[in-house]
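**Q** Before anything else, here's the structure in question.
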Amino acid sequence: MATSTLNLPVAAAILPDGSSGNAAPGITRRQGTEGNPKKHFLTADFDAATDEHIWYTFRVPANYISGGTVKLLWQANATTGTCRWGTRLAAITPADADTPLEHAEAAASTVGTATNVTEARRLNESSIAIGALDSVVAGDLVYLVIYRDADGTSGTDDLAVDAELIQAAFEYTS
(Lines give C-alpha, C1' and ligand atoms only; values in the text may rest on other atoms or scores of the structure.)
Protein backbone atom coordinates (compact mmCIF):
# COMPACT_ATOMS: atom_id res chain seq x y z
CA MET A 1 0.00 0.00 0.00
CA ALA A 2 1.10 3.53 -0.75
CA THR A 3 -0.02 7.07 -0.05
CA SER A 4 -1.57 8.98 -2.94
CA THR A 5 -2.36 12.68 -3.14
CA LEU A 6 -5.01 14.77 -4.86
CA ASN A 7 -3.78 18.36 -5.04
CA LEU A 8 -6.47 20.96 -4.43
CA PRO A 9 -5.24 24.36 -5.67
CA VAL A 10 -6.85 27.57 -4.44
CA ALA A 11 -7.83 28.37 -8.04
CA ALA A 12 -10.03 25.22 -8.13
CA ALA A 13 -11.99 26.10 -5.00
CA ILE A 14 -15.68 27.00 -5.08
CA LEU A 15 -16.51 29.95 -2.85
CA PRO A 16 -19.76 30.14 -0.88
CA ASP A 17 -22.32 32.87 -1.59
CA GLY A 18 -21.62 35.03 1.47
CA SER A 19 -25.05 34.54 3.02
CA SER A 20 -25.39 34.02 6.78
CA GLY A 21 -23.10 31.13 7.82
CA ASN A 22 -21.63 30.93 4.29
CA ALA A 23 -18.72 33.38 4.40
CA ALA A 24 -15.90 33.03 1.90
CA PRO A 25 -12.24 33.98 2.24
CA GLY A 26 -10.82 36.68 0.01
CA ILE A 27 -8.67 35.47 -2.87
CA THR A 28 -5.39 37.36 -3.31
CA ARG A 29 -2.92 37.16 -6.17
CA ARG A 30 0.59 37.30 -4.72
CA GLN A 31 3.88 38.10 -6.49
CA GLY A 32 7.30 36.80 -5.50
CA THR A 33 10.18 39.11 -4.59
CA GLU A 34 12.80 37.40 -6.79
CA GLY A 35 14.03 38.90 -10.08
CA ASN A 36 11.89 38.62 -13.21
CA PRO A 37 10.19 36.47 -14.12
CA LYS A 38 8.54 36.57 -10.69
CA LYS A 39 6.31 33.77 -9.45
CA HIS A 40 2.61 34.51 -9.04
CA PHE A 41 0.22 32.45 -6.95
CA LEU A 42 -3.18 32.71 -5.29
CA THR A 43 -3.99 32.55 -1.60
CA ALA A 44 -7.36 32.14 0.08
CA ASP A 45 -7.19 34.60 2.98
CA PHE A 46 -9.21 33.30 5.93
CA ASP A 47 -10.25 36.09 8.30
CA ALA A 48 -9.29 36.14 11.98
CA ALA A 49 -12.80 37.04 13.14
CA THR A 50 -15.21 35.17 10.82
CA ASP A 51 -15.57 31.45 10.06
CA GLU A 52 -14.93 31.25 6.29
CA HIS A 53 -15.22 28.24 3.96
CA ILE A 54 -14.04 26.96 0.58
CA TRP A 55 -15.37 23.90 -1.25
CA TYR A 56 -13.73 21.32 -3.48
CA THR A 57 -15.52 18.73 -5.60
CA PHE A 58 -13.75 15.66 -6.94
CA ARG A 59 -14.30 12.05 -7.90
CA VAL A 60 -12.47 9.56 -5.70
CA PRO A 61 -9.75 7.85 -7.78
CA ALA A 62 -10.03 4.17 -8.70
CA ASN A 63 -6.91 3.36 -6.63
CA TYR A 64 -8.51 4.55 -3.36
CA ILE A 65 -8.36 1.91 -0.61
CA SER A 66 -8.91 3.77 2.65
CA GLY A 67 -8.33 6.81 4.80
CA GLY A 68 -8.34 10.49 4.20
CA THR A 69 -6.17 13.32 5.46
CA VAL A 70 -6.36 16.95 4.42
CA LYS A 71 -2.97 18.70 4.25
CA LEU A 72 -2.89 22.49 4.20
CA LEU A 73 0.06 24.71 3.27
CA TRP A 74 -0.45 28.25 4.54
CA GLN A 75 1.24 31.39 5.76
CA ALA A 76 0.39 34.27 8.08
CA ASN A 77 1.76 37.76 8.44
CA ALA A 78 2.56 37.03 12.09
CA THR A 79 4.98 35.11 14.30
CA THR A 80 2.57 34.25 17.12
CA GLY A 81 -0.81 32.58 17.31
CA THR A 82 -2.57 29.34 16.52
CA CYS A 83 -4.93 28.87 13.57
CA ARG A 84 -7.80 26.37 13.96
CA TRP A 85 -8.57 24.64 10.65
CA GLY A 86 -11.47 22.29 10.00
CA THR A 87 -12.84 20.06 7.28
CA ARG A 88 -16.01 18.09 6.54
CA LEU A 89 -16.64 15.61 3.74
CA ALA A 90 -19.71 14.29 1.92
CA ALA A 91 -19.35 11.20 -0.29
CA ILE A 92 -22.06 10.28 -2.77
CA THR A 93 -22.11 6.96 -4.60
CA PRO A 94 -23.96 6.79 -7.91
CA ALA A 95 -27.56 5.63 -7.25
CA ASP A 96 -27.47 6.77 -3.58
CA ALA A 97 -30.81 7.71 -2.06
CA ASP A 98 -29.62 11.31 -1.55
CA THR A 99 -29.07 13.69 -4.44
CA PRO A 100 -25.89 15.82 -4.56
CA LEU A 101 -28.02 18.82 -3.56
CA GLU A 102 -29.40 17.26 -0.37
CA HIS A 103 -26.51 15.09 0.87
CA ALA A 104 -25.08 16.56 4.10
CA GLU A 105 -21.44 16.40 5.15
CA ALA A 106 -20.22 14.09 7.89
CA ALA A 107 -18.96 15.42 11.24
CA ALA A 108 -16.11 17.92 11.26
CA SER A 109 -12.47 17.20 12.03
CA THR A 110 -10.24 20.04 13.20
CA VAL A 111 -6.65 20.82 14.12
CA GLY A 112 -4.84 23.78 15.63
CA THR A 113 -1.46 24.74 14.19
CA ALA A 114 0.85 27.45 15.52
CA THR A 115 2.26 29.83 12.95
CA ASN A 116 6.01 29.81 12.31
CA VAL A 117 7.73 31.86 15.03
CA THR A 118 10.90 32.52 12.99
CA GLU A 119 9.56 35.01 10.43
CA ALA A 120 6.18 36.27 9.23
CA ARG A 121 4.85 34.45 6.16
CA ARG A 122 7.05 31.39 6.58
CA LEU A 123 5.36 28.24 5.27
CA ASN A 124 3.17 26.33 7.76
CA GLU A 125 1.63 22.88 7.32
CA SER A 126 -1.53 21.61 8.99
CA SER A 127 -2.63 17.99 8.77
CA ILE A 128 -6.25 17.04 9.49
CA ALA A 129 -7.03 13.32 9.74
CA ILE A 130 -10.67 13.07 8.66
CA GLY A 131 -12.50 11.13 11.35
CA ALA A 132 -15.85 10.85 9.55
CA LEU A 133 -15.32 9.74 5.93
CA ASP A 134 -19.03 9.25 5.09
CA SER A 135 -18.39 5.69 3.77
CA VAL A 136 -16.27 7.01 0.88
CA VAL A 137 -15.27 4.45 -1.79
CA ALA A 138 -13.51 4.63 -5.14
CA GLY A 139 -15.70 6.34 -7.73
CA ASP A 140 -17.70 8.43 -5.24
CA LEU A 141 -18.40 12.10 -5.84
CA VAL A 142 -16.94 14.03 -2.90
CA TYR A 143 -17.72 17.49 -1.61
CA LEU A 144 -14.96 18.62 0.74
CA VAL A 145 -15.20 21.84 2.74
CA ILE A 146 -12.16 23.44 4.35
CA TYR A 147 -12.70 26.23 6.84
CA ARG A 148 -11.08 28.35 9.50
CA ASP A 149 -12.79 28.06 12.86
CA ALA A 150 -11.99 31.69 13.65
CA ASP A 151 -14.41 31.86 16.59
CA GLY A 152 -12.68 28.85 18.15
CA THR A 153 -15.76 26.69 18.75
CA SER A 154 -13.67 23.52 18.30
CA GLY A 155 -10.50 24.76 20.01
CA THR A 156 -8.15 27.70 20.25
CA ASP A 157 -7.79 30.09 17.32
CA ASP A 158 -5.83 33.11 18.51
CA LEU A 159 -4.05 34.00 15.26
CA ALA A 160 -4.85 37.72 15.00
CA VAL A 161 -4.37 38.01 11.21
CA ASP A 162 -5.56 36.25 8.06
CA ALA A 163 -4.45 32.66 7.54
CA GLU A 164 -3.39 32.64 3.88
CA LEU A 165 -4.02 29.20 2.36
CA ILE A 166 -1.63 28.47 -0.51
CA GLN A 167 -2.42 24.82 -1.29
CA ALA A 168 -4.61 22.01 -0.01
CA ALA A 169 -4.34 18.29 -0.67
CA PHE A 170 -6.35 15.15 0.06
CA GLU A 171 -4.12 12.17 0.93
CA TYR A 172 -5.31 8.56 1.08
CA THR A 173 -4.07 4.99 1.08
CA SER A 174 -3.90 3.44 -2.40
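**Q** Within region 14-31, is even one residue assigned to a strand (DSSP E or B), under 13 Å from ALA168 (Cβ atoms) and either out of contact with any strand residue (DSSP E or B) (no Cβ under 9 Å at 6 or more places or on another chain) or modelled with pLDDT of 95 or more (or both)? Before you say what the answer is, go through the steps one by one.
**A** The first filter runs over region 14-31 and keeps only residues assigned to a strand (DSSP E or B), leaving 14, 26-31.
Narrowing the set further to residues that are under 13 Å from ALA168 (Cβ atoms) leaves 14.
Still in the running and either out of contact with any strand residue (DSSP E or B) (no Cβ under 9 Å at 6 or more places or on another chain) or modelled with pLDDT of 95 or more (or both): 14.
There is at least one residue in region 14-31 that is assigned to a strand (DSSP E or B), under 13 Å from ALA168 (Cβ atoms) and either out of contact with any strand residue (DSSP E or B) (no Cβ under 9 Å at 6 or more places or on another chain) or modelled with pLDDT of 95 or more (or both).
**Q** Quick one: would you say GLY155 is over 30 Å from HIS40 (Cα atoms) and either touching a residue at least 40 places away in the same chain (Cβ under 8 Å) or assigned to a strand (DSSP E or B) (or both)? Reasoning before the result, please.
**A** Numbers: over 30 Å from HIS40 (Cα atoms): yes; either touching a residue at least 40 places away in the same chain (Cβ under 8 Å) or assigned to a strand (DSSP E or B) (or both): yes.
Answer is yes for this residue.
Residues are listed down the side, and each one gets a yes or a no for (1) at positive phi; (2) surrounded by 19 or more Cβ atoms within 10 Å (Cβ to Cβ); (3) touching a helix residue (DSSP H, G or I) at 6+ places or on another chain (Cβ under 7 Å):
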residue	(1), (2), (3)
GLU102	no, no, no
ALA107	no, no, no
GLU119	no, no, no
TYR143	no, yes, no
GLY155	yes, no, no
GLU164	no, yes, no
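**Q** If you go through region 34-46 one residue at a time, do you hit one that is of a type in the set (Phe, Trp, Tyr), under 14 Å from the mean Cα position of the chain (by Cα) and part of a strand (DSSP E or B)?
**A** Checking region 34-46: at least one residue is of a type in the set (Phe, Trp, Tyr), under 14 Å from the mean Cα position of the chain (by Cα) and part of a strand (DSSP E or B).
**Q** Could you check LEU101 against (1) under 21 Å from ALA138 (Cβ atoms); (2) out of contact with any strand residue (DSSP E or B) (no Cβ under 6 Å at 6 or more places or on another chain) and say which number it fails?
**A** All conditions are met except number (1).
**Q** Take PRO94 and tell me if it is at negative phi, outside any strand (DSSP E or B) and in contact (Cβ under 8 Å) with a residue 24 or more places away in the chain.
**A** Numbers: at negative phi: yes; outside any strand (DSSP E or B): yes; in contact (Cβ under 8 Å) with a residue 24 or more places away in the chain: yes.
Considered against the rule, which asks whether it is at negative phi, outside any strand (DSSP E or B) and in contact (Cβ under 8 Å) with a residue 24 or more places away in the chain, PRO94 comes out as yes.
**Q** In region 97-123, what residues are within 18 Å of VAL60 (Cβ to Cβ) and part of a strand (DSSP E or B)?
**A** SER109
**Q** Shifting gears a bit: Can you tell me which of TYR56, TYR147, TYR64 is assigned to a loop (DSSP other than H, G, I, E, B) and not β-branched (Val, Ile, Thr)?
**A** On the way: TYR56 fails: assigned to a loop (DSSP other than H, G, I, E, B); TYR147 fails: assigned to a loop (DSSP other than H, G, I, E, B).
Checking each option against the conditions leaves just TYR64.
**Q** Given (1) of a type in the set (S, T, N, Q); (2) part of a loop (DSSP other than H, G, I, E, B); (3) surrounded by 13 or more Cβ atoms within 10 Å (Cβ to Cβ), identify the lone condition not met by SER126.
**A** With (1) of a type in the set (S, T, N, Q); (2) part of a loop (DSSP other than H, G, I, E, B); (3) surrounded by 13 or more Cβ atoms within 10 Å (Cβ to Cβ) applied to SER126, the lone miss is (2).
The values are calculated or read from the model by the stated rules, or taken from the named source; none is laboratory data. This one's a predicted model, so the numbers in the text were calculated from it and none came from an experiment. Methodologically, a virtual Cβ is constructed for each residue, glycine included, from the backbone with ideal geometry; neighbour enumeration extends over all protein chains shown.
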